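K.L.:
Let me give you the structure first, and then I'll get to my questions.
The values are calculated or read from the model by the stated rules, or taken from the named source; none is laboratory data. A quick note: this is a predicted structure, and the numbers were derived from the prediction, not measured. Cβ placement follows ideal geometry from the backbone for every residue including glycine, while neighbour counts extend to all protein chains displayed. Quick note on the areas: whole protein, heavy atoms, side chains included, nothing else; ligands and nucleic acids left out. Shrake-Rupley method; radii C 1.70, N 1.55, O 1.52, S 1.80 Å.
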Amino acid sequence: MDRLPDYSPYKASVDELLDFYRQMLLIRRFEEKAGQLYGMGLIGGFCHLYIGQEAVVVGLQSALKAGDSVITGYRDHGHMLACGIESRAVMAELTGRAAGISKGKGGSMHMFSVEHGFYGGHGIVAAQVPLGTGLAFAHKYKGDGNVCLTYFGDGAANQGQVYESFNMAELWKLPVVYVIENNQYAMGTSVNRASAEDQLYRRGESFRIEGIQVNGMDVLEVRGAAQMAIEWVRSGKGPLLLELKTYRYRGHSMSDPAKYRSREEVQAMREKSDPIEAAKKHLLAAGVDEAKLKDIEKEVRAIVNDSADFAEQAPEPELSELYTDVLVGSY
Ligand SMILES: Cc1ncc(C[n+]2csc(CCOP(=O)(O)OP(=O)(O)O)c2C)c(N)n1
Ligand SMILES: [Mg+2]
């Protein structure tokens, strides 16, 4: 078995780091706005916010190529924005409007865009893991040279179907990077209360899948690890596991009062480990003007406000849409 190469934090140019900063800020402001619209009753059903975890998806996505595929669970708004899906189409989906990416019929947990290589948006915990393994199988079968990023949570990592997928992926050397977003909690249960092996990067060991633990609060560390992992997987060496240590600032979903952890714990993470503040510090140290960062903030706020206005005003789907997209083809 080849040894995994070493990797180091990515040495981004100032322009690249500005782009990472802008993308993380877009996700943060988008999610804050989604939280407000939910509070106003404009978004119904479930809504799981990604605030705190932005560096994970921005760092990983930046290492992908056109044609690669991405699949995740229900905490998916950030993944879609990072895949380049228009923020209006995501927000309008949240408010259930016809202009939404799933025509307003999917909502927060059920969005999809083949055009952007984004295969959902799945509400069943860990269901995306065998599906992502299947996407990787398709890449290998077609010989298209692409890879699949399959994201799942620390809670999902305890599901049986994850390990059936690991077995097949290693046996068939499928081009898949399994990305565990370890945000420390599965609903109200902390990872060490629910997991006999809480070092989740080791979960592939009995399938001979190597794993790496990465600081998911630093976009440059994420990008560095992602680049190494994706190159390895793309070269035909089989799957890899990345455990991204991260943290969600908000409750599990909008209806979670988060009584299982202290305010101090959340506050300490926000103050000491915030991924956006970390990128800001790197940028200021590289000589970027504070005014430039303020301009990005303004630009991002304008995009988010425009998306929210659009999502409030756009029409709902026609009643006849109840009968479309029920079956995609004939079987
Ligand atoms: C099969 C299944 N069991 C239970 C649930 C209810 N549920 C929704 S999210 C969740 C916790 C998952 O936590 P984790 O995998 O850590 O992801 P996170 O929410 O932290 O992103 C549970 C138990 C579900 N949706 N599907
Ligand atoms: Mg979790």
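K.L.:
Assuming ALA82 fulfils every condition listed in (1) within 16 Å of ligand 1 (Cβ to nearest atom); (2) over 16 Å from the mean Cα position of the chain (by Cα) apart from one, which condition is it?
P.N.:
(2)
K.L.:
Right, another one. If I ask for residues that are of a type in the set (Gly, Ala, Ser) and within 15 Å of ligand 2 (Cβ to nearest atom), which ones from the range 124-134 would you list?
P.N.:
Of all residues in the range 124-134, those of a type in the set (Gly, Ala, Ser) come to 126-127, 132, 134.
The one that is of a type in the set (Gly, Ala, Ser) and within 15 Å of ligand 2 (Cβ to nearest atom): ALA126.
Table: residues versus (1) open to solvent by less than 10 Å² (accessible area, probe 1.4 Å); (2) closer than 18 Å to GLY106 by Cβ.
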site: CYS47; (1), (2): yes, yes
site: GLY52; (1), (2): yes, no
site: ALA55; (1), (2): yes, no
site: LYS65; (1), (2): no, no
site: GLY78; (1), (2): yes, yes
site: ALA82; (1), (2): no, no
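K.L.:
Search the range 68-86 for residues that are within 20 Å of GLU32 (Cβ to Cβ) and pair each with any residue that is within 14 Å of ligand 2 (Cβ to nearest atom) and among the charged types (D, E, K, R) when their beta-carbon atoms are under 8 Å apart and the residues are at least 6 apart or on different chains.
P.N.:
Partner pairs satisfying both residue conditions: ARG75/GLU181; ARG75/ARG248.
K.L.:
Applying the selection to the range 147-193, what residues are within 15 Å of ligand 1 (Cβ to nearest atom) and on the phi > 0 side of the Ramachandran plot?
P.N.:
The answer is GLN184, MET187.
K.L.:
While we're on this one: Just need a number here: residues in the range 175-190 that are touching a strand residue (DSSP E or B) at 6+ places or on another chain (Cβ under 9 Å), open to solvent by 10 Å² or more (accessible area, probe 1.4 Å) and more than 8 Å from ligand 2 (Cβ to nearest atom).
P.N.:
Total meeting the criteria: 1.
Residue-by-condition table, conditions (1) touching a helix residue (DSSP H, G or I) at 6+ places or on another chain (Cβ under 6 Å); (2) farther than 19 Å from GLN23 by Cβ; (3) part of a loop (DSSP other than H, G, I, E, B):
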| site | (1), (2), (3) |
| --- | --- |
| ILE296 | yes, no, no |
| ASN305 | no, no, no |
| ASP309 | no, yes, no |
| PRO317 | no, yes, yes |
| ASP325 | no, yes, yes |
| GLY329 | no, yes, yes |
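K.L.:
Sticking with this structure for a sec: State whether the residues of the range 195-217 include one that is within 12 Å of ligand 1 (Cβ to nearest atom), open to solvent by 30 Å² or more (accessible area, probe 1.4 Å), in contact with a strand residue (DSSP E or B) (Cβ under 9 Å, 6 or more places away or on another chain) and part of a helix (DSSP H, G or I).
P.N.:
Looking for residues that are within 12 Å of ligand 1 (Cβ to nearest atom), open to solvent by 30 Å² or more (accessible area, probe 1.4 Å), in contact with a strand residue (DSSP E or B) (Cβ under 9 Å, 6 or more places away or on another chain) and part of a helix (DSSP H, G or I), one finds none in the range 195-217, hence no.
K.L.:
Only one of (1) outside any loop (DSSP other than H, G, I, E, B); (2) within 16 Å of ligand 2 (Cβ to nearest atom); (3) closer than 23 Å to HIS122 by Cα fails for ARG250. Which number is that?
P.N.:
Going through (1) outside any loop (DSSP other than H, G, I, E, B); (2) within 16 Å of ligand 2 (Cβ to nearest atom); (3) closer than 23 Å to HIS122 by Cα one by one, ARG250 breaks only (1).
K.L.:
Among GLY211, GLY145, which is the only one that is more than 25 Å from SER253 (Cα to Cα), away from ligand 2 (no atom under 16 Å from the Cβ), under 19 Å from the mean Cα position of the chain (by Cα) and not polar (S, T, N, Q)?
P.N.:
From the options GLY211, GLY145, the qualifying one is GLY211.
K.L.:
Might you let me know whether the range 270-284 holds any residue that is over 19 Å from ILE51 (Cα atoms) and in contact (Cβ under 8 Å) with a residue 40 or more places away in the chain?
P.N.:
Taking every residue of the range 270-284 in turn, at least one turns out to be over 19 Å from ILE51 (Cα atoms) and in contact (Cβ under 8 Å) with a residue 40 or more places away in the chain.
K.L.:
Separate question: With the structure loaded, tell me whether VAL14 is touching a helix residue (DSSP H, G or I) at 6+ places or on another chain (Cβ under 9 Å), within 18 Å of VAL179 (Cα to Cα) and at pLDDT 95 or above or whether it fails that test.
P.N.:
When the stated conditions are applied, VAL14 does not pass them.
K.L.:
Which one of these does MET24 not meet: (1) among the aliphatic types (A, V, I, L, M); (2) modelled with pLDDT of 95 or more; (3) outside any helix (DSSP H, G or I)?
P.N.:
Evaluating MET24 over (1) among the aliphatic types (A, V, I, L, M); (2) modelled with pLDDT of 95 or more; (3) outside any helix (DSSP H, G or I) leaves (3) as the failure.
K.L.:
Considering every residue within the range 226-246, establish whether at least one is farther than 21 Å from GLY132 by Cβ, surrounded by fewer than 17 Cβ atoms within 10 Å (Cβ to Cβ) and more than 12 Å from ligand 1 (Cβ to nearest atom).
P.N.:
Scanning the range 226-246 turns up no residue that is farther than 21 Å from GLY132 by Cβ, surrounded by fewer than 17 Cβ atoms within 10 Å (Cβ to Cβ) and more than 12 Å from ligand 1 (Cβ to nearest atom).
K.L.:
Answer with yes or no whether GLY117 is touching a residue at least 40 places away in the same chain (Cβ under 8 Å) and surrounded by fewer than 20 Cβ atoms within 10 Å (Cβ to Cβ).
P.N.:
The answer is no for GLY117.
Okay, residues lined up against (1) open to solvent by less than 50 Å² (accessible area, probe 1.4 Å); (2) in a helix (DSSP H, G or I):
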site	(1), (2)
ALA98	yes, no
SER102	yes, no
SER108	yes, no
MET111	yes, no
HIS122	yes, no
GLY132	yes, yes
PHE152	yes, no
ALA169	yes, yes
LYS173	no, no
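K.L.:
Condition first: over 30 Å from LYS11 (Cβ atoms) and at pLDDT 95 or above. Now tell me which residues in the range 45-69 satisfy that.
P.N.:
Result: CYS47, HIS48, LEU49.
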